[in-house]
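Scroll down for the structure; my scribbles are underneath it.
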Amino acid sequence: MSSIVSIQNLSKQYAGGFQALKNVDLEIREGEILALLGPNGAGKTTLISIICGLVNASSGSVKVGGFDVVDEYRKARSLIGLVPQEISLEPFQKVYDALRFTRGLFGKRHDPALLQSILEKLSLRDKKDAKTMELSGGMKRRVLIAKALCHEPRVLFLDEPTAGVDVELRKEMWEVVRQLKEDGVTIILTTHYIDEAEAIADRVGVIRGGELLLVEEKNALMRRMGGRQMRIELMEPLDAIPEALSKYDLDYSAEDQTLIYSYEANGERTGISSLFADMSKAGIVLRDVETRESSLEDIFVGLVEDKS
């Protein structure tokens, strides 16, 4: 799959000496959903701002659709739609007029059919004549996405698109993002909600302290770094874990009489059979067993803590 955004050796250092990005290399594939994860101050918004031409890099290069974002700014920017984290709309402007005005800023002719189609996809058709000040927070975010799409970009940046909205609306927005991907739009998403990335991303990038720690297929990452835990509830409490079970590195909770066994999700040998056999030899009787697989959030937290 070809790259629509190519980032090479990108760094950003501000006048005060703070280095927001450190030698970032990244190829964003055409038609994918890439989720950028990282704590506050990790460099996610700085990276997006440089790609969109809002901030100048200290070194390195960025190309969008083959156009350099500095030397060929207008051509590169015409391929980009940006939905910022902050809601900034003209309060007295009607929704349809906002889209028409934004399309005009990119030198595009008025296209009523296209704008109606965008409003329809984002469930804004009934709100097209409403002033933006009359809309809910969720609807305002939809208007921001509509404005970002009205000049027909090939790449869409969503900076915390569901910040501050309820769970139901977040899931509705996920469906919108999936539909945009089906329409051929490449989507780069930054989010604090790890479940959001887990639900809709094709690939995941983790950034911390201005460094891109990894970029990997989401499913492959979860297979490679994911683990499982087995929670074993016992019939009788233990005074201590028997010496015969020490090799399994078990954790014991006296409060609820459970042993916790951790193992690799993709390991060839889990050790479960031998654990159960050794527990039986030790006279330990089981009441119940349940397993839990690591989520993307568990992996993300582990990566960030490892680098802290």
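The values are calculated or read from the model by the stated rules, or taken from the named source; none is laboratory data. Remember, predicted model here, so these are calculated numbers, not experimental data. Backbone-built Cβ (ideal geometry, glycine too); neighbour counts: all protein chains shown.
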Any chance you could count how many residues in segment 52-76 are within 23 Å of the chain's Cα centre (by Cα) and at pLDDT below 95?
4
Can you find a residue in segment 155-164 that is farther than 23 Å from Tyr193 by Cβ and not β-branched (Val, Ile, Thr)?
no
Cβ-Cβ below 6 Å, separation at least six or inter-chain, first residue in segment 249-262 and under 13 Å from Leu238 (Cα atoms), second among the acidic types (Asp, Glu): which pairs?
Thr258/Glu233
Within segment 94-116, which residues are under 29 Å from the mean Cα position of the chain (by Cα) and within 23 Å of Arg77 (Cβ to Cβ)?
Ala98, Leu99, Thr102, Arg103, Phe106, Leu114, Leu115
Does Ile33 count as buried (at least 19 other Cβ atoms within 10 Å of the Cβ), among the β-branched types (Val, Ile, Thr), in contact with a helix residue (DSSP H, G or I) (Cβ under 9 Å, 6 or more places away or on another chain) and closer than 18 Å to Glu211 by Cα?
no
Residues that are over 20 Å from Ala201 (Cβ atoms), acidic (Asp, Glu) and either touching an Asp or Glu at 6+ places or on another chain (Cβ under 9 Å) or in a helix (DSSP H, G or I) (or both): does segment 169-185 have at least one?
no
Quick check: anything in segment 228-249 buried (at least 17 other Cβ atoms within 10 Å of the Cβ), among the hydroxyl-bearing types (Ser, Thr, Tyr) and either outside the structural domain of Ile80 (by TED's automatic domain parsing) or over 27 Å from Ser3 (Cβ atoms) (or both)?
yes
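Regarding Glu152, is this residue in the same structural domain as Gly81 (by TED's automatic domain parsing) and without any contact (Cβ under 8 Å) to a residue 12 or more places away in the chain?
In short, no.
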Can you name every residue in segment 204-223 that is surrounded by 20 or more Cβ atoms within 10 Å (Cβ to Cβ), out of contact with any Gly (no Cβ under 7 Å at 6 or more places or on another chain) and either modelled with pLDDT of 85 or more or assigned to a strand (DSSP E or B) (or both)?
Val204, Gly205
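Among helices (runs of 4 or more DSSP H) lying entirely in segment 36-117, which contain 3 or more residues that are in contact (Cβ under 8 Å) with a residue 40 or more places away in the chain and crowded, with 17+ Cβ neighbours inside 10 Å?
Qualifying helices (runs of 4 or more DSSP H): 44-51, 95-105.
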Looking only at residues that are modelled with pLDDT of 85 or more and of a type in the set (D, E, K, R) in segment 270-308, which one is surrounded by the most Cβ atoms within 10 Å (Cβ to Cβ)?
Asp278
Scan segment 155-183 residue by residue and report those that are more than 21 Å from Glu216 (Cα to Cα) and not charged (D, E, K, R).
Pro161, Thr162, Ala163, Gly164, Val165, Val167, Leu169, Met173, Val176, Gln179, Leu180
